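This report refers to the structure that appears directly beneath it.
The values are calculated or read from the model by the stated rules, or taken from the named source; none is laboratory data. Bear in mind that the values here come from a model prediction, so they are computed numbers and not experimental data. When we count neighbours, we look across all protein chains shown, and the Cβ atoms used for this are built from the backbone with ideal geometry, even at glycine. Surface accessibility is based on the protein's heavy atoms, side chains included, excluding ligands, DNA and RNA. Shrake-Rupley method; radii C 1.70, N 1.55, O 1.52, S 1.80 Å.
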Amino acid sequence: MIDDAMKARMELLRSWLARRLAPDALAWVDEQTARIADAPAGLPLARALGLAPRRVGRGPLQLDSSEMAQAQAVRPGLDASDWTLDQAARILFALASTAAGEEQFAARLDAIVRSGEIGEQIALLRGLPLYPAPQRLLPLAGEGIRSAMQPVYEAVAHRSPYPAENFSEPMWNQMVVKALFIGSTLAPIQGLDDRRNADLARMLIDYAHERWAASRVVKPELWRCVGPFATSEDDFADLLRVFSSGNDTERCAAALALSECPTPDALVLLESAPDLWRDIRNGKLTWEKLA
């Protein structure tokens with residue numbers, strides 16, 4: 001049986017699709033949803049997942065402001081701003097299969113994602129915030145953030161409340177560091193500032209040193225997770241290096257990190273750049289705007 005929370009989420013996704021699909025495509029979606037709910041452990045789910053791009057298209061969902069507000073009411077933190085039509089349909093089908101029960105659903109989802117083509121993987125991983133029993137899905141999410149394929153990693157890590165709500169600190173730290181390793185970005189990670197921690201800062205400082213030793217660029221946004229924990233002379237020296245010799249973006253990032261640094265010398269250094277310091281104080285320069 002599908003519970004009321006899952007029904008509300010299914011109705012949300014169907015309403016989005018109903019505004020965008022031709023009548024025959026929407027009728028197909030409704031037919032597949034009903035078949036999956038009737039036989040959640042059977043073949044209808046796999047068939048519908050495979051056919052979704054052909055039957056509903058791969059175009060952008062392009063939610064309007066009222067639809068995004070509706071999403072927040074149904075599932076706080078849900079961000080479907082860059083979903084596609086086939087992804088919404090595939091997630092809807094997955095939700096219909098929750099009729100099988102939490103344990104069976106989690107096992108089936110894990111098996112489908114691991115064996116599916118990359119489009120299915122991305123779609124189903126983007127649905128993580130909507131599924132029941134989120135803790136049962138941690139092994140699957142962990143595989144996603146360990147992926148060397150950037151779109152698969154980002155399907156879990158970006159624009160999703162799932163990691164911040166469910167990841168342990170080691171798993172969270174692994175996800176953040178992995179973003180830099182594979183050339184992804186930190187800005188779309190929800191809850192990034194709230195879940196910064198001293199161990200993560202140390203891992204990122206060590207990573208920056210490795211990059212510098214190899215004469216490679218360090219992404220400026222790395223320092224976002226370092227500033228509040230830069231308590232030693234060596235840590236402050238790293239921020240001073242970026243602030244003093246970096247390009248404009250690096251210098252701005254170092255200034256933002258220094259604005260959260262507990263070391264008294266950080267304020268002295270910021271006051272040596274009054275324009276930057278003023279922009280930070282009045283909100284003109286923030287990590288979001290820098291990204």
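For the chain, the fraction of 1.4 Å probe accessible surface lying on carbon and sulfur atoms is 52 percent. Counting only alpha carbon atoms, the long axis of helix 233-245 and the longest principal axis of the chain meet at about 90°.
Placing +1 on each Lys and Arg Cβ and -1 on each Asp and Glu Cβ, with no other charges, gives the range 227-270 a dipole about its Cα centre of roughly 140 debye.
Cα-based values for the chain, radius of gyration first and Dmax second, are 22.0, 68 Å.
Divide by every residue of the chain the summed helix terms, -39500 (n - 2.57) for each DSSP H run of at least 4, and state the resulting mean residue ellipticity at 222 nm, rounded to the nearest 500 deg cm²/dmol. Each step should come with its number before you reach the end.
Details: 17 runs with 185 residues, N = 291.
That calculation yields -19000 deg cm²/dmol at 222 nm.
Placing +1 on each Lys and Arg Cβ and -1 on each Asp and Glu Cβ, with no other charges, gives the range 35-147 a dipole about its Cα centre of roughly 280 debye. Here the contact order of the range 211-266, divided by its residue count and restricted to Cα pairs under 8 Å and six or more residues apart, works out to 42 percent.
Ranked highest first by average number of other Cβ atoms within 10 Å, how do 75-82, 279-286 line up?
Ranked from most to least packed, the peptides come out as 75-82, 279-286.
Across the range 57-67, computed HN-Hα scalar couplings (Karplus, 6.51 cos²θ - 1.76 cosθ + 1.60, θ = phi - 60°) run x, 10, x, x, 5, 6, 5, 8, 5, 5, 5 Hz from first to last residue, x flagging Gly and Pro. Remark on T84: its backbone amide H falls under 5 Å from those of L61, a criterion applied only to residues 5 or more positions apart or on other chains, H modelled at 1.01 Å from N.
Relative to the longest principal axis of the Cα atoms of the chain, the long axis of helix 44-56 makes an angle of roughly 70 degrees. With contacts taken as Cα pairs under 8 Å at a separation of at least 6 residues, the chain carries a relative contact order of 12 percent.
Placing one equal scatterer on every Cα of the range 173-291 and applying the Debye formula, the log10 ratio I(q)/I(0) at q = 0.18 Å⁻¹ is -0.91. Using a/c under 1.5 as the rounded threshold, could you call the range 1-99 rounded, prolate or oblate? The axes a ≥ b ≥ c are square roots of the C-alpha gyration tensor eigenvalues, and prolate needs a/b larger than b/c, oblate otherwise. Verdict is oblate for the range 1-99. Taking the Cα centre of the range 107-224 as reference, the dipole from Cβ charges on Lys and Arg (+1) and Asp and Glu (-1) amounts to some 120 debye. Helix 4-18 and the longest principal axis of the Cα set of the chain meet at an angle near 90°.
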